[in-house]
Amino acid sequence: MIKKLLSVLIPKDPELVRAEAYRKAIREEAKVGGRLFGPVPKGNRREFFCLDENTWVWHEEWTDGNGIRRVLTTRYDVRPHGLFKAQDGQPYQPITREEAAHLLHAMRQYNAEIDAELAPLMAASA
């Protein structure tokens, strides 16, 4: 209660407000991106999102057939000399043409979904 009252009385740093808004937008976009590849099974987590103009992230958490919780994070970097990926802290490696085609398709789907979700919000705020 006191924390809420203080947050109203004490103005927030505009940089902190902007950073929190960015993080919130990324979290929401990640959920949308995670649904591009079908329904996310209950208890699983799947996210796909654009972190910045050169970085895409695929994150998935699931329980395998042996009941072990698994986590996989893949970062894709778009560089002037090619597309590279790193998984779970491993060094970046170039991706194959086939994987690049799949990534491009996913990027296009992601952008279309985000645009479709944002259009009604933009219209409502106009």
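Quick check on this structure: which one of Thr73, Thr63 is among the hydroxyl-bearing types (Ser, Thr, Tyr), surrounded by 12 or more Cβ atoms within 10 Å (Cβ to Cβ) and within 23 Å of Ile114 (Cα to Cα)?
Just one listed residue meets the conditions, Thr73.
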Which condition number does Val40 fail, the rest of (1) in a helix (DSSP H, G or I); (2) free of Cβ contacts under 8 Å to residues at least 12 places away in the same chain being met? (1)
Which condition number does Phe48 fail, the rest of (1) more than 18 Å from Glu28 (Cα to Cα); (2) surrounded by 13 or more Cβ atoms within 10 Å (Cβ to Cβ); (3) of a type outside the set (Asp, Glu) being met? (1)
Note: among Thr73, Thr96, just one is modelled with pLDDT of 95 or more and within 21 Å of the chain's Cα centre (by Cα), namely Thr73
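The values are calculated or read from the model by the stated rules, or taken from the named source; none is laboratory data. Keep in mind it's a predicted model, so treat the numbers as computed, not measured. Every residue, glycine as well, gets a Cβ built from its backbone with ideal geometry; the counts of neighbours run over all protein chains shown.
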